[in-house]
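> Quick one: the structure is below, questions incoming.
The values are calculated or read from the model by the stated rules, or taken from the named source; none is laboratory data. This one's a predicted model, so the numbers in the text were calculated from it and none came from an experiment. Backbone-built Cβ (ideal geometry, glycine too); neighbour counts: all protein chains shown. The protein model used for the area step is the full one, side chains on, heavy atoms only, and it has no ligands, DNA or RNA in it. Shrake-Rupley method; radii C 1.70, N 1.55, O 1.52, S 1.80 Å.
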Amino acid sequence: MAFAKRINAFGGELPGMENRTIPDGYAATAENVRLSSNRLDPIYATAAVASGKASANTIHRLLDGTWLSWTEDVDVALSPIAGDTSHRYCFTSEDFEPRVSNAAMSVAGGTPYPKTWYVLGVTPPTTAPGVAISGAASGATETRAYVYTFVTQWGEESAPSPPSTLTTATIGETWTITPTDVAPLNSWTINNVVWGAGVLTITTTTFTFGLRAGEFVTLSSLQSSLNASWQVASVPTTTSFTIAMVVDPTVTDTAGTASRDAPHNTASMLKRIYRSVTTATDTQYYFVKEIPVADVSEVDDVGEDIGEPLPTAGWKMPPVNLQGIKTLPSGAMIGFYENVVAFSEPNIPYAWPEAYENTSDYPIVGLGLIGTAAVVGTQGTPYIIDGVEPATATMTRVDQLWPCVSKAGITSFGNGVFYPTTVGLAYLSFQGNKIVTDTMWSQYEWSDLNPSTFHASTYNGLYYTTQTTDNSETRVLVIAPDKWVTEYNIATDVLYTDRAQGKIFYAAPSGSIYELEPTSGVAQPYVWTSKIYVLPEPINIGAAKITTRFTLTAAERDAVEAYNTALLASFNLDNSGIFCGPDGTDPAELVPMCTTILCGGIVALAEVSNESMQFALIVDDEVIFTKELLDTAIIRPPSGVKYDEFQVRISSNLPVSAILLGETPESLRTV
């Protein structure tokens, strides 16, 4: 019986397996090809959807459509505040203190976004209020203490000040409260700069109240070597701070300005005054009055008409080195620093009580969410922390030596979390834990992928990650867990899945942001090479047929024309008069179907036609036959040569649902 074979249900690569032993339909190479439908499909190119920072390491889209980008590795969490229409969000990084912004602040001041923000949290007053008694009365007495808090224009309230001294007065006398702390400053005048023993000490003319070690300040109007953003090492006095600086900068200017990189939200700030009430069982503070933040004296004349209890006892600003911020279904936020997992109060993203913290025995690398729980990737064994409420959350160590090697490689999917470890791609869930790449790469082959460079996202059941090779080139790996891998030759360091749109995006080195898996656009060429098929005896493949289509749909033609139009609109004349792309790119390399591009202008676009298909037959790693295909007619490789091993290769930008091979045209009918 004549040999005949149908190749369909296409898969990707299994690079850790010997080529002859991988399953039928899988590939020796699969580049720039989509396999989500079990057929060969091209990926599509579309015009950029937005512009961000060049060399972006993080991108994020707000619900109002505003695109944000950073060159740092940043985590972004939407603020879980009921009724918020400002699109407020919190963001953290190892490169700066926790911050908060919203859509309007992000776009204030030009692109790229975000442009402005506040430090996350409200610094509390540090000076206890004074209490003075005046007037005359007789009768029963009352003993009270007072505290006060700061309240921002967003209604965020700080922890209370230290309490006043307990004061006793006769009922009917006048209680005057002096809450002396005013809003923290966001900039200071420098009146001295001194270097010594590896530390630069900055002295200011006003209080540095509200400044914490680990936050960032920008120095200006000093010598050029100091005019930059610096991390604060310590705040030794109320009018000074220090910066770690190993090399003596040879100070020449001692007068200038220091300003916070993330200012406090002090516009229209208020103070709230609370009074103690003692019962037989406890003492609590209750609301008395709200006054402007600049007021330093107020009479408590509300009598028994006091308000709600003080809600902010035990609240703190988030740790200055908090990273990995995420929002849990409970409304609480979660993050980490060093080997500590921290939580905010539910629906109060600026309050992070120390009582909610949990510790691991290894430094934490990053977090991923599973419903109400979180996977904690560490430099040693992973943990799962679970609990609907932060106060009851518990951490459980997972008995696997799977250290996390890339924070940006952690991504949630379904009921579990993926992250790259030293032996492969780990998947942790309540249903079990496993390495989902052990059929694709051995531990040693996996390490050659440089998994510490991964920046990942999940989409349509696949794990997408950027990967940097040893020669510093970047590409995108698409991993179907426990199945196969393909690769996209796209230069990017960052991927992002926008859950609101249900789409995945990437940022080019130029800062332009593109959809990674659009459903239409300009079809890009792909290459798919089969496994090596081994035959029981030598034969000659005399016939082949590709199941495909050679005409663009109306939607595909429209997409190509729209792509051309958008791309051409972005071109500009450079200084030499050459017509070029926004990055100085030759348009001839970018614009599909463009007939001629001349210096200073473009000759008309050609008729939209984008079909391409090449079939190749490979024996012993050599191509023995190729053919450019223009239709679905039967392909006739040359006769006269026989072989017992072969591969086929498809180079195309058209969908392929099957490859039929046989010794004769008639044999193709049998498959």
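> Note down the net charge around Y286, summing +1 for each Lys or Arg and -1 for each Asp or Glu among other residues with Cβ under 12 Å from its Cβ.
Charge balance in the 12 Å sphere: 0.
> Now, a different point. Report the Cα centroid-to-centroid distance between region 317-361 and region 134-155 in angstrom, as an integer.
33
> Rounded to the nearest percent, how much of the accessible area of region 1-145 (1.4 Å probe, protein heavy atoms only) is carbon and sulfur?
48
> So, in nm, how far is label E666 from label T281 when the simple model puts each one 7 Å beyond its Cα toward the Cβ?
9.6
> Further, regarding this structure: With a 1.4 Å probe and every protein chain kept in, tell me what percent of the accessible surface of region 192-295 is carbon plus sulfur.
In region 192-295, the share of accessible area belonging to carbon and sulfur is 58 percent.
> Under the rule that an exposed site lies in a DSSP loop and has at most 16 other Cβ atoms within 10 Å, name the longest stretch of the chain with no chymotrypsin sites (Phe, Trp or Tyr not before Pro) of that kind, not counting the sites themselves.
No qualifying site falls inside 208-429, the longest such stretch.
> Give, in nm to one decimal, the length gained when the segment between D470 and Q431 is fully stretched (0.36 nm per residue of separation minus the Cα-Cα distance).
Once the chain is fully extended between D470 and Q431, it gains 10.4 nm.
> Between V623 and A136, what length in nm is gained on full extension when 0.36 nm per residue of separation is reduced by their alpha carbon distance?
Between V623 and A136, full extension yields an extra 164.6 nm.
> May I ask you to derive the FRET efficiency for S520 and S639 from their Cβ-Cβ distance with R0 = 45 Å, giving the value to the nearest 0.05?
Step by step, r from the Cβ atoms, then E = 0.60.
> Would you kindly state how much longer the chain becomes between T252 and A500 on full extension, computed as 0.36 nm times their sequence separation minus their alpha carbon distance, in nm to one decimal?
Numbers: separation 248, 0.36 × 248 = 89.28 nm, distance 5.30 nm.
Gain on extension, T252 to A500, equals 84.0 nm.
> Further, regarding this structure: Farthest toward the dipole's positive end in region 1-98, which of S37, P98, S55, given Cβ charges of +1 (Lys, Arg) and -1 (Asp, Glu) about the Cα centre?
Value: S37.
> Can you give me the angle between helix 554-569 and the longest principal axis of the chain, using Cα atoms only, in degrees from 0 to 90, rounded to the nearest 10?
So the inclination is approximately 60 degrees.
> Another question, if that's okay. Keeping every protein chain in place, order M17, M333 by accessible area at 1.4 Å, biggest value first, i.e. largest first.
M17, M333
> I'd like to check one number: the per residue accessible area of the chain, probe 1.4 Å, reported in Å² as a whole number.
Counting only protein heavy atoms, the per-residue value for the chain is 43 Å².
> A further question follows. Find out how many positive minus negative residues lie around E215, taking Lys and Arg as positive, Asp and Glu as negative, among other residues whose Cβ is under 13 Å from that of E215.
Neighbour charge sum, excluding E215 itself: 0.
> Continuing with the same structure: Restricting to DSSP H runs of at least four residues, report the calculated mean residue ellipticity at 222 nm for the chain, -39500 (n - 2.57) per run over all residues, nearest 500 deg cm²/dmol.
-1000 deg cm²/dmol
> Could you state the number of Å between the C-alpha centres of region 70-112 and region 406-445?
Taking the Cα centre of each part, region 406-445 and region 70-112 sit 29 Å apart.
> Also, I was wondering about something else. Could you tell me, in Å, what Rg and Dmax come out for the Cα atoms of region 440-568?
Cα-based Rg and Dmax for region 440-568 come out at 18.6, 56 Å.
> Here's a follow-up. Show which lysines lie in cross-link reach of K407 when reach means a straight Cα distance below 29 angstrom and same-chain residues fewer than eight apart are skipped.
K53, K115, K316, K326, K434, K483, K503
> Okay, next question. I want to check the label-to-label distance for S297 and S657. Put each point 7 Å from Cα in the C-beta direction and report it in nm to one decimal.
For the pair S297/S657, the computed spacing is 8.7 nm.
> Compute for region 163-270: radius of gyration divided by Kirkwood radius, i.e. Rg/Rh, restricted to C-alpha atoms, rounded to two decimals. Working shown, then result.
Numbers: Rg = 18.4 Å, Rh = 15.7 Å.
Reported Rg/Rh (Cα atoms, Kirkwood Rh): 1.17.
> Work out the length of the dipole vector of the chain about its Cα centre, built from +1 on the beta-carbon of each Lys and Arg and -1 on the beta-carbon of each Asp and Glu, and round it to the nearest 20 debye.
With only Lys, Arg, Asp and Glu charged at Cβ, the dipole is about 800 debye.
> Follow-up. So how do K531, K316, K289 rank on accessible area, 1.4 Å probe, biggest first, that is with the largest at the start?
Greatest to least solvent exposure: K316, K289, K531.
> Let me ask something else about it. Between D84 and E173, what is the label-to-label distance in nm when each label sits 7 Å out along the Cα-to-Cβ direction?
For the pair D84/E173, the computed spacing is 4.6 nm.
> Take H87, H264 and sort them by solvent-accessible surface of the protein heavy atoms, 1.4 Å probe, largest at the top.
Descending accessible area places them as H87, H264.
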